[in-house]
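Trainee: First the structure, then my questions, so here it is.
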Amino acid sequence: MSLAVGVISVSLSGCSTAQIGSPEPTAIVTPTPTEDASWMPTYINVAELEGKQVDLKVGEFVEVDTKRDANPNTWMPASSDEKVATVRRGSLNGFGAPVVEAKGKGSTTITLNNSTTGQIVTFAVKVK
């Protein structure tokens, strides 16, 4: 079994307009998978997401890398619009780092709340 690790490109210009209630993105984070397989997640470090926008295509996945946490299962995820993107803890077994899945075109806000530290990370997801 092999895992694909993506590269993150950050653009500081050309920000999209955020939905009402969404954070105004300060930059756009575009996951770039190393293989053409939408079922293989791309990894983005949780420390890079606050206030950013992640652009995805329908069917793509992004795993939020929380490996610096002793227990990545402490991140409680939520999506403001699950028709656009869902977010769950971990992989299929529900344990581990949060995973965002693009479901339909549009924009949504993802909130990750660390139940141990109280840290809250909010970012936008735009699905094309």
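Trainee: Among the numbered criteria (1) at pLDDT 80 or above; (2) surrounded by fewer than 14 Cβ atoms within 10 Å (Cβ to Cβ); (3) among the hydroxyl-bearing types (S, T, Y), which single criterion is violated by S79?
Mentor: Of the numbered conditions (1) at pLDDT 80 or above; (2) surrounded by fewer than 14 Cβ atoms within 10 Å (Cβ to Cβ); (3) among the hydroxyl-bearing types (S, T, Y), the odd one out for S79 is (2).
Trainee: From the list K52, K57, exactly one residue is within 14 Å of T108 (Cβ to Cβ), of a type in the set (K, R) and modelled with pLDDT of 90 or more. Which is it?
Mentor: K52
Trainee: Please work out which residue is surrounded by the most Cβ atoms within 10 Å (Cβ to Cβ), limiting yourself to segment 82-97 and to residues that are modelled with pLDDT of 90 or more and either aliphatic (A, V, I, L, M) or under 12 Å from T111 (Cβ atoms) (or both).
Mentor: A85
The values are calculated or read from the model by the stated rules, or taken from the named source; none is laboratory data. Values in this document were obtained by computation on a predicted structure and should not be read as measured data. With ideal geometry, Cβ positions are generated from the backbone for all residues, glycine too; neighbour counts draw on all protein chains shown.
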